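Visitor: Got a structure for you, written out below as structure tokens; questions coming shortly.
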Amino acid sequence: MNASCEKYSAEKQLCGIKSVHSRCSAISFVAVIITAAALHVQGAEVLHTQMTTATLITNLVDRSRDDIRVVSEGLPRNVYYMAGWNLTNIATTACHWNVGAYTGFAPANYALDSDRSQVACGPAPFVRSAMQAENFAWGGYMRHWEVPSDGWLQPSLRYAYAFSMATEPKPFTNSSTAKLAFEFNAAVPLYDDYGKAEGSRAIGFGQAVVILIDRKAGVTPQAMHFLLMYFDKRGFSERVCEIGSGEMSVFSYLGSGTKYCTRLGTSDSKTTTWPTLQSFGVTISRAQLLLAINDMNAYLTAHPTNGHRQYSTNPNDYYLSAVNVGIEASLDPNKDGSKYPFSMSYKGIWLSASTIY
């Protein structure tokens, strides 16, 4: 999902992890399990994503969709997983080269060319896109020689947690002050557009995505995507629109004074790369959800032929379907019709969604 509204789609060590809420400062993998379990209900917080031995990253998925429109592509549920889109069967081959040299993440138990549960990439002999996973940590390298010049099928990598329908939380129903909190740790150490000039290059960006499903009784469920831009060299803005892949999307970012979400902590969205992990977080209140709903409904009124119904204005009708943190590439909006090479990497060790009230 691209960062504009045009018709296109869109550490090895777990020590040092620190959430925006300052839950912990130096924890081992075992401590992560214990701490996460204790945090399921922590005073005025209910944790939705579960960090246990049963939800470790064991899934590297070639292609899957995080919404209700496609339910048959093998999307993992109720576990953490890593997924690649439009990157030439990224999850089918064990890797033969040092992905950590590009991501800054080195899985402790990785065996070159053999362990597909930790690293997968395109076929030999070239350095290609790759995914890494160990415990709750991840890395991803996206190397794309021909970013498409049209359509919305843009290359991307995403670290995600998706809920089965039976376990979807209702994050806005605990009280009138309920807020959905989304937190993650990430770094973007590499970004290379190969020196192409503006109008003749691919553009990469980082998105944290919250997918809500409007399940109002008596009507067809439909998704609303909150696309929270945490990295974009072009800068940031807020808006609602339908993107090229058909999702109704609310664009926002991490900063002061935003309309559709509130920054947790002090980390703002970034326009330059950074090599070391940093904590990010936002909350979405009932009032902010209603602002997004009202703006989206106004958009739908102005664009009545796009096939979507009006969204429910009752926050209690909304369920949390999935959250993810990813990187993606598309063409510069001033594209000239050609295709361009691009590479980018990211890594992280924490992703959580909870309700605070």
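The values are calculated or read from the model by the stated rules, or taken from the named source; none is laboratory data. This structure is a prediction, so every number in the text was calculated from the model and none was measured. With ideal geometry, Cβ positions are generated from the backbone for all residues, glycine too; neighbour counts draw on all protein chains shown. Quick note on the areas: whole protein, heavy atoms, side chains included, nothing else; ligands and nucleic acids left out. Shrake-Rupley method; radii C 1.70, N 1.55, O 1.52, S 1.80 Å.
Visitor: Carbon-plus-sulfur fraction of the accessible area of segment 152-264, 1.4 Å probe, in percent? Can you show the working numbers first?
Guide: Numbers: 1730 of 3560 Å².
For segment 152-264, the apolar C and S fraction of the accessible surface comes to 49 percent.
Visitor: Going highest first, how would you order 263-270, 282-289, 216-223 by mean Cβ packing within 10 Å?
Guide: On the way: 263-270: 17.8, 282-289: 21.6, 216-223: 13.4.
Going by the mean number of other Cβ atoms within 10 Å, highest first, we get 282-289, 263-270, 216-223.
Visitor: Less than 11 Å from a label point 7 Å out along the Cα-to-Cβ axis of LYS233: which backbone N atoms in segment 250-282 qualify, by residue?
Guide: Within reach of a label on LYS233, which here means backbone N under 11 Å from a point 7 Å along Cα→Cβ, segment 250-282 contributes 272-273.
Visitor: Do you know the relative contact order of segment 200-292, to the nearest whole percent, from alpha carbon pairs under 8 angstrom that are 6+ apart?
Guide: 22 percent
Visitor: Once you've got the Cα coordinates, tell me which of LYS179/LYS233; LYS259/LYS347; LYS233/LYS259 are over 25 Å apart. Write out the running numbers ahead of the final one.
Guide: Working: LYS179/LYS233 29 Å; LYS259/LYS347 28 Å; LYS233/LYS259 21 Å.
Check vs 25 Å cut-off fails for LYS179/LYS233; LYS259/LYS347.
Visitor: Ordering ASP232, ASP193 from largest to smallest accessible area (1.4 angstrom probe), what's the sequence?
Guide: On the way: ASP232 5, ASP193 25 Å².
Accessible-area ranking of ASP232, ASP193, largest first: ASP193, ASP232.
Visitor: For segment 246-326, what does the accessible surface come to per residue with a 1.4 Å probe? Please give it in Å².
Guide: I get 38 Å² per residue for this part.
Visitor: A further question follows. Testing the spin-label approximation: label points 7 Å from Cα along Cα→Cβ at ALA166 and ALA217. State their distance in nm.
Guide: 2.3 nm
Visitor: Scan around SER156 for amide H atoms under 5 Å from its own, H built in the peptide plane at 1.01 Å from N, and keep only partners 5 or more places away or cross-chain.
Guide: TRP85
Visitor: Say each of LEU290 and THR273 gets a label point 7 Å from the Cα, pointing the same way as Cα to Cβ; how far apart are those two points in nm?
Guide: Reported label-point gap for LEU290 and THR273 is 4.5 nm.
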